[in-house]
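Only the coordinates and a few stated rules stand behind these numbers; no lab work does. Here the structure is a predicted model, which is why all the values come from computation and not from measurement. Reconstructed Cβ throughout: ideal geometry from the backbone, glycine too, with neighbour counts over all protein chains shown.
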């Protein structure tokens with residue numbers, strides 16, 4: 001059903017590897033609608049990024065020449081148009097300054113760049129920098145350790161509104177691989193999906209991972225052994241694996257928090273509960289912000305700078 | 001081709017999850033032949049363990065009523081006949097005392113049990129206990145930290161000829177999963193197979209893993225980032241991943257070595273070279289023993305105790 005969104009001032013788009021989200025918005029930050037689709041990078045390469053975008057804009061009822069601002073993997077080398085990484089350390093505003101304009105058939109479209117860290121600990125992000133921009137605007141905090149959990153979790157050190165450094169931990173991907181493809185699949189079966197923070201086995205895994213992040217590789221096979229020796233149930237095996245990986249992730253990252261910095265958790269729902277439990281146990285009681293909300297705020301900041309001008 | 005092995009005093013069999021090895025042997029330890037097959041647990045369950053064994057004995061030219069001693073997963077609950085785990089701490093001789101006799105159609109067959117560790121760090125082994133038995137006989141060492149690398153590496157603390165404790169690290173399985181199924185596959189391609197200890201990227205990964213085993217989960221994505229940012233070649237990405245995992249494994253295990261204990265590496269070929277490089281870097285210069293040789297020595301010790309009597 002076509003929504004009447006012709007009063008949108010711009011459209012905010014988070015375009016990732018495997019899916020995209022679109023929000024028609026007004027300059028005051030109000031959100032007029034939402035659309036989610038499984039059109040990721042591969043779809044863009046096959047059917048054309050501009051054609052896919054125009055199709056979704058039409059479905060949203062966005063008419064005329066409404067401008068569009070995009071973050072995420074659409075700006076990668078395999079995406080619509082490469083937006084070269086901003087190298088850290090860098091103030092977040094640099095992301096706004098370095099946007100690129102793809103060929104969009106006459107529509108005003110800008111893609112924001114990701115950030116890269118070179119040197120001893122090379123790392124990259126695309127999309128999270130826009131969430132960081134939004135969370136600084138939302139919270140007013142400019143010194144923080146920011147946890148952004150997911151398939152590839154990011155841990156970011158913000159210092160004076162700049163990204164001082166960051167690291168990526170493949171926790172979500174490792175959990176899936178281990179639960180579905182390793183020997184642990186015999187212990188977990190189809191119980192991988194619903195781990196909750198209240199499960200004692202999750203807490204036990206969390207404590208083990210936090211206490212000794214260096215022992216995480218040893219701890220993995222322990223789950224298999226516990227199911228052989230003690231009949232550990234599949235739901236508990238899944239919870240223990242999740243706790244162990246998240247605990248080791250938090251334990252290794254917690255040391256990078258500066259004394260006076262805040263701790264922010266960018267997550268919602270079940271993921272927020274799992275990571276909050278681990279961070280509290282590590283003594284890092286976090287302020288939670290919603291990823292969708294802050295990515296829209298970051299894209300709004302970009303749209304204001306590019307087309308809409310000033311504050312709302 | 002049928003070999004003439006009717007002078008064998010017994011047949012030593014290592015029967016694992018996915019393959020089996022058989023050696024007709026004399027009581028003095030001499031090896032008359034060898035046969036390797038992909039008949040693991042699944043084959044045993046489908047076609048019968050006894051039938052498979054008799055087929056291979058016939059192919060080896062082993063006639064009459066020659067007894068057979070077996071170690072490995074054939075003694076698991078999903079195997080031929082369950083040989084209940086010996087619980088550690090326990091002297092290795094307990095493995096000899098607790099063998100079980102499966103239904104083998106009149107042939108004398110004994111299966112040796114594995115070992116289990118209960119409590120805070122549950123763990124299990126099946127097959128390695130027989131290698132340990134052989135290596136104590138071969139080296140005369142009864143106090144040692146023993147590294148047994150592989151798909152599921154074992155690190156065993158031997159104290160006074162007893163297994164004091166052990167841990168399993170899924171290093172080989174993790175390497176395969178990450179190289180073939182994670183986002184790192186885009187960086188490694190088909191270069192996973194041939195990592196060598198002399199590669200600078202292997203050494204770099206090793207050093208990073210040893211220096212900070214707790215950072216291994218962060219280090220994984222760094223390989224992807226290095227290939228995006230610096231064009232890290234696939235062979236170097238594979239070597240770096242292998243080094244990082246092996247380094248973290250050794251770094252986490254090295255602390256469990258008692259001051260006066262020896263260090264033993266049970267490995268051969270490429271695997272021996274990779275682990276030796278890491279252990280030397282960690283200050284644990286190991287004595288190397290060959291896994292096949294010590295498993296045969298362990299099975300020989302069992303055969304002597306059961307049927308052949310005394311020393312050679």
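Using Cα springs under 10 Å in a Gaussian network model of chain B, which residue among B:73, B:271, B:148 shows the largest mean-square fluctuation?
Per the Cα network of chain B with a 10 Å cutoff, B:271 tops the list.
Have a look at the DSSP beta bridges in the protein assembly as shown and tell me what percent are antiparallel, nearest 5.
Working: 56 of 88 bridges.
In the protein assembly as shown, approximately 65 percent of DSSP beta bridges are antiparallel ones.
With springs connecting C-alpha atoms under 10 Å apart, model chain A as a Gaussian network and identify which of A:155, A:80, A:15 has the largest mean-square fluctuation.
With Cα springs under 10 Å in chain A, the top fluctuation among A:155, A:80, A:15 is at A:80.
Return the distance in nm (one decimal) between the two label points of a simple spin-label model at residue B:19 and residue A:138, each offset 7 Å from Cα along Cα→Cβ.
Inter-label distance under the simple model: 5.3 nm.
Find how many whole Å separate the alpha carbon centroid of the stretch A:214-234 from the alpha carbon centroid of the stretch B:15-81.
Each part reduced to its Cα centre gives a spacing of 29 Å.
Specify the residue with the greatest mean-square fluctuation among A:206, A:244, A:174, computed from a Gaussian network of chain A linking alpha-carbon atoms under 10 Å apart.
A:174
At 7 Å along Cα-to-Cβ for each site, give me the label-to-label distance between residue B:211 and residue B:191 in nm.
Taking the simple label geometry, residue B:211 and residue B:191 are separated by 2.1 nm.
So, R0 is 41 Å and r is the distance between the beta-carbons of residue B:118 and residue B:176; what FRET efficiency does that work out to, to 0.05?
On the way: r = 29 Å, r/R0 = 0.71.
The pair residue B:118/residue B:176 has a calculated efficiency of 0.90.
From other protein chains only, count the Cβ atoms within 10 Å of every residue's Cβ in A:206-219, then give the mean. Kindly include the intermediate steps, with their values, before the conclusion.
Numbers: counts 0, 0, 2, 2, 0, 0, 3, 8, 11, 9, 7, 16, 13, 3.
Shielding by partners across A:206-219 averages 5.
How many angstrom lie between the Cα centre of the stretch B:121-174 and the Cα centre of the stretch A:253-295?
Here the answer is 40 Å between Cα centres.
Looking at the square roots a ≥ b ≥ c of the eigenvalues of the Cα gyration tensor of the stretch A:228-275, which shape do they give, rounded for a/c under 1.5, prolate if a/b is larger than b/c, or oblate? Let's see the in-between values first.
Details: a/c = 5.46, a/b = 2.03, b/c = 2.69.
Oblate is the answer for the stretch A:228-275, as a/c is 1.5 or above yet b/c matches or exceeds a/b.
When a footprinting reagent is the concern and you count Cβ atoms within 10 Å, what order do B:180, B:129 take, fewest first? Before the final figure, lay out the partial values.
Details: B:180 14, B:129 27.
Ranked by crowding around the Cβ, least crowded first: B:180, B:129.
Can you tell me the FRET efficiency between residue A:285 and residue A:258 if r is taken as the Cβ-Cβ distance and R0 is 22 Å, rounded to the nearest 0.05?
Numbers: r = 16 Å, r/R0 = 0.72.
Once rounded, the FRET efficiency stands at 0.90.
Across the residues of A:221-227, average count of Cβ atoms on other protein chains within 10 Å? Mind dumping the intermediate values first?
Working: counts 12, 8, 1, 6, 10, 5, 1.
That average works out to 6.
With the Cα gyration tensor of the stretch B:104-183 giving a ≥ b ≥ c as the square roots of its eigenvalues, does the rule (a/c under 1.5 for rounded; else a/b larger than b/c for prolate; else oblate) give rounded, prolate or oblate?
Working: a/c = 1.98, a/b = 1.32, b/c = 1.50.
Since a/c reaches 1.5 but b/c is at least a/b, the shape of the stretch B:104-183 is classed as oblate.
Tell me, what is the FRET efficiency for residue B:54 and residue B:97 to the nearest 0.05, using R0 = 30 angstrom and their Cβ-Cβ distance as r? Don't skip to the answer; put the middle values down first.
Details: r = 27 Å, r/R0 = 0.91.
The value I calculate is 0.65.
Can you pull the mean other chain C-beta count within 10 Å for peptide B:123-131? Each step should come with its number before you reach the end.
Numbers: counts 8, 7, 1, 0, 0, 0, 0, 0, 0.
If you average over the peptide's residues, the count of other-chain Cβ atoms is 2.
Based solely on its DSSP helices, what 222 nm [θ] is calculated for chain B when runs of n ≥ 4 H residues each add -39,500 (n - 2.57) and the sum is averaged over all residues, nearest 500 deg cm²/dmol? Before the final figure, lay out the partial values.
Values: 11 runs with 124 residues, N = 312.
Using -39500 (n - 2.57) per qualifying helix, the result is -12000 deg cm²/dmol.
Test of understanding: ordering B:66, A:288 by Cβ neighbours within 10 Å, fewest first, what list do you get? Intermediate results must be reported in sequence, preceding the final value.
Details: B:66 20, A:288 15.
Fewest-to-most ranking of B:66, A:288: A:288, B:66.
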